[in-house]
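Report on the structure given below.
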Amino acid sequence: MWIVIAACLLVSIDALFIGISFGAEKKCKFWHIVFINIGLFVLCLLGYFLGVLIGDVIDIELDILIGVLFITLGLWVIGYYLLFTRRAKGRGSESKNIALTGIFMSIEAMFITIGLTLALDITTIIIPVVVAGAHFVYCTVTFLLAKYLRRTPQLVGVIISGVALIVYGIMAILI
C-alpha cells in the first residue's frame, strides 16, 4: 500500500510547477485553486474507474498515448501563451490562462490516475484520493510562495508548467 501512495505522490510532483504558474497570475486567487482541484478530484475518480474498466476489458499499454498527450499539452500551453496571451494583455487573458491551466492540470491528473490504476498491481480508491490530494497540496504551497514573493513573472510560470508537462510526457514514453 505504501508503494501506491509513494507512486501517487511522485507522479503528482508537477503540480509544484503549476502552482508557480497560478501564483504568477495577478488575477488568480486561492478560491481558483480550490475550485480547480475539486474538478481535478472528480476527474481523478473518473480516471480511476476508467482505469479499472480498461484494465479488466483490454490489455493495452497507454504510456505512449499519455506521453504524446502530455508533450502536446505542454507545447500548447507554451505556444498559446507566447502567440496569443501575451498579445492580448488586458483582455481577459489571465482568466483564460488560469482556466486552461486548470483544465490541463485536471486532465493530466486523470491520465495519471488511469496510468497508475493500470500499472500498479493494487487497485484501490486510494489512488485518486492521493493523486488529487497531492495535486492540491503541491499546487497550494507553490501558489502561496509565488504570491508571497510576487517576483515571478507570468511568462516564467507558463514556461515552467509547459516544460513540466513535456518532461512528464517524455518520462511516460521512456519509463
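Positive end of the dipole of the chain (Cβ unit charges, origin at the Cα centre): among C139, I166, Y81, the Cα lying farthest that way belongs to Y81. May I ask for the percentage of alpha-carbon pairs in segment 2-174 that lie more than 29 Å from each other? I get 18 percent for the Cα pairs in segment 2-174 exceeding 29 Å. Rounded to the nearest 20 debye, the dipole size of the chain about its Cα centre is 1400 debye, using +1 on the Cβ of Lys and Arg and -1 on the Cβ of Asp and Glu.
Arranged from fewest to most other beta-carbon atoms within 10 Å of their beta carbon, F22, F17, F104 become F104, F17, F22. Remark: V68, V57 ranked as V57, V68, counting other beta-carbon atoms within 10 Å and listing the fewest first. Here the relative contact order of the chain, from alpha carbon pairs under 8 Å that lie six or more residues apart, stands at 53 percent. When the helices of the chain are scored as -39500 (n - 2.57) per DSSP H run of n ≥ 4 and the total is divided over every residue, the value at 222 nm lands at -27000 deg cm²/dmol. With neighbours defined as other Cβ atoms within 10 Å of a residue's Cβ, the residues D56, D14 order from fewest to most as D56, D14.
With Rh defined as the Kirkwood radius, the inverse of the mean 1/r over Cα pairs, the Rg/Rh of segment 1-78 is 1.02.
Since every read-out is calculated from the coordinates, none of them should be taken as a lab result. All values derive from a computational prediction rather than experimental measurement. When we count neighbours, we look across all protein chains shown, and the Cβ atoms used for this are built from the backbone with ideal geometry, even at glycine.
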